[in-house]
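These notes are about the structure you will find just below.
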Amino acid sequence: MLFRVLIEGSGILTAKGAVGFFATMTVDQPEQPGSEMFALRTIREEWRHGLSANLSSTKPKLTIVDCWRPTFRERLRKVPDTRSFYEEGERGEVAARAAKLSRAPESATIWTIAE
């Protein structure tokens, strides 16, 4: 079963001034809790060894913002995973952009953050 998991990473400081990020992933797991754990593990591993590994001297505090099942149309269109970094004072603006890019449902918590 597919789930879209939206995670916020905070408590970082990059050379470009980012203090946090939103990441959305499509995960294929039988249940929501497993999807959330898989997404958290993936982001942690990416932060240690991937493209983001040397962006910050600190590790991000990762928080599940929301998790939902994509619509049939979204599954067909294969909505891409997203990463959106934000600087101080940009959290709401970047949250709105992340919500749109991830096609978060209107009831998703990310829309509240974006307000």
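The values are calculated or read from the model by the stated rules, or taken from the named source; none is laboratory data. Quantities reported herein were computed from a predicted structural model and do not represent experimental measurements. Please note: Cβ atoms are built from the backbone with ideal geometry, for glycine as well, and neighbour counts cover all protein chains shown. These area figures cover heavy atoms from the full protein model, side chains too; ligands, DNA and RNA do not enter into them. Shrake-Rupley method; radii C 1.70, N 1.55, O 1.52, S 1.80 Å.
Provide the gained length on full extension for the span residue 63 to residue 93, in nm with one decimal, where the gain is 0.36 nm per separating residue minus the Cα-Cα distance.
9.0 nm
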Listed residues 76, 13, 62, most fluctuating in the chain (Gaussian network, C-alpha, under 10 Å): 76
For the chain, take the longest principal axis of its alpha carbons; what is the angle in degrees between that and the long axis of helix 91-102, to the nearest 10 within 0 to 90? 40 degrees
Sparsely packed GluC sites (Glu not before Pro) within the stretch 68-112, loop by DSSP, other Cβ within 10 Å at most 10: 88, 106
So how tilted is helix 32-49 from the main axis of the chain? Cα-based, degrees 0 to 90, rounded to 10. 30 degrees
If I compute solvent accessible area with a 1.4 Å probe over the protein chains, what percent of it on the chain is carbon and sulfur? 53 percent
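I'd like to check one number: the per residue accessible area of the chain, probe 1.4 Å, reported in Å² as a whole number.
That works out to 60 Å² per residue.
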Trypsin sites (Lys or Arg not before Pro) within the stretch 37-115: which are DSSP loop residues with at most 12 other Cβ atoms inside 10 Å? 78
Say each of residue 32 and residue 13 gets a label point 7 Å from the Cα, pointing the same way as Cα to Cβ; how far apart are those two points in nm? 3.7 nm
Report, in deg cm²/dmol and to the nearest 500, the calculated mean residue ellipticity at 222 nm for the chain, where each DSSP H run with n ≥ 4 adds -39500 (n - 2.57) and the sum is divided by the residue count. -11000 deg cm²/dmol
